[in-house]
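*Asks:* I have a structure here, written as structure tokens, and I will follow up with some questions on it.
Readers should treat all values here as calculations from the given coordinates under stated rules, not as data from a laboratory. Note that the structure is predicted; figures quoted are calculated from it, not measured. Backbone-built Cβ (ideal geometry, glycine too); neighbour counts: all protein chains shown.
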Amino acid sequence: MKKAGKIIAVAGKGGVGKSTIAALLVRYLVKQKIGSVLAVDADPNSNLGDYLGFSPKQDIGRIIDEISKNINQVPVSMSKDEFISYRIETTLDEADGFDLLTLGRPEGSGCYCYANNVLRTVLLRFMSSYDYIVIDNEAGFEHLSRKTVKQIDALIIVSDNTGNGLKAARRTFELVNELQIKYKNIYLLVNKADVDSRKKIEFPAEVIGFTSNNMDLAGGINSNVTDLNENTTLIKETNEIFSLIFERSESCLKS
């Protein structure tokens with residue numbers, strides 16, 4: 001039986017460049033050619049596909065809505081939940097070098113919690129199908145907080161170099177531990193940090209690296225990250241950070 005894929009989760013408050021970092025991590029893994037990659041956009045804002053230059057044709061929210069409005073399409077041999085999971089698995093978006101699973105926004109009150117439950121179930125099924133699963137998280141870790149995914153191999157908390165950003169990052173660190181989410185390694189990555197300020201940052205987890213302060217990560221970048229040149233400053237900086245994460249986590253990410 002194939003081992004479960006390694007889960008690398010990216011977290012952080014909106015506007016700090018979290019989804020861009022997640023996209024750059026997917027790009028890095030694809031370029032390294034070290035295994036199959038599933039990119040998971042678990043943020044309702046659904047920006048990850050845009051940053052990867054790929055527009056998802058389906059998302060969990062739309063599939064739930066479609067089946068809920070046309071319940072007669074559910075085969076008599078399957079429950080509604082089973083059919084939703086089946087539809088998600090058979091309509092997964094396939095891009096160049098990676099697959100993309102998008103949460104999206106279901107309609108109606110109470111549907112978001114259900115969509116997270118579906119995402120949690122589907123993730124469990126996909127864990128043995130991919131070597132690496134990169135999750136761009138929403139703020140509450142709803143899909144990870146019930147211990148269904150046994151352990152995150154590396155959790156990257158992203159912040160910008162502002163007081164509010166770093167405060168939110170610390171709160172994210174606290175939330176992870178309050179929810180008893182299991183992880184092997186946890187890091188802080190700080191975007192838009194000038195050289196002088198880097199020495200002043202204190203954090204309860206390892207500060208794994210910084211990106212330059214001239215990078216417009218908060219608003220995303222104009223072109224998708226897969227088209228960026230290897231000599232781009234952003235690519236050089238993040239590749240060095242990701243390489244260091246793999247070096248620090250070699251036993252859990254490459255074993």
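*Asks:* Once both labels are modelled 7 Å past Cα along the beta-carbon direction, what's the LYS57-ASN164 spacing in nm?
*Replies:* The answer from the label model is 4.0 nm.
*Asks:* Moving on to the next point. Rounded to the nearest 5, what is the percent of antiparallel bridges among the DSSP beta bridges in the stretch 6-253? Could you put the intermediate results ahead of the total?
*Replies:* Numbers: 2 of 32 bridges.
That works out to approximately 5 percent antiparallel.
*Asks:* Over 25 Å between Cα atoms, which of LYS6/LYS182; LYS6/LYS200; LYS6/LYS192; LYS33/LYS199 qualify? Provide the component values of the computation, followed by the final result.
*Replies:* Working: LYS6/LYS182 13 Å; LYS6/LYS200 32 Å; LYS6/LYS192 28 Å; LYS33/LYS199 34 Å.
Check vs 25 Å cut-off fails for LYS6/LYS200; LYS6/LYS192; LYS33/LYS199.
*Asks:* A further question follows. Per 0.36 nm of contour for each residue apart, how much would the distance between LYS182 and VAL207 grow if the chain were fully extended, relative to their Cα-Cα spacing? Don't skip to the end; give the middle numbers.
*Replies:* Working: separation 25, 0.36 × 25 = 9.00 nm, distance 1.91 nm.
Net length gain for the segment: 7.1 nm.
*Asks:* Let me ask another. Limiting things to C-alpha atoms, what are the Rg and the maximum Cα-Cα separation (Dmax) for the stretch 6-253, in angstroms?
*Replies:* Considering the stretch 6-253 through its Cα atoms, Rg and Dmax are 17.9, 64 Å.
*Asks:* For the stretch 48-92, what size does the Cα cloud have along each of its three principal axes, sorted from largest down, in whole Å?
*Replies:* 39, 18, 11
*Asks:* How much length, in nm to one decimal, is gained on full extension between SER79 and GLU247, taken as 0.36 nm per residue of separation minus their Cα-Cα distance?
*Replies:* On the way: separation 168, 0.36 × 168 = 60.48 nm, distance 4.43 nm.
Extending this stretch completely gives an extra 56.0 nm.
*Asks:* Considering only the other residues whose Cβ falls under 10 Å of the Cβ of THR121, what net charge follows from Lys and Arg at +1 and Asp and Glu at -1?
*Replies:* On the way: positive: ARG120, ARG125; negative: ASP81, GLU82.
Surrounding charge for THR121 is 0.
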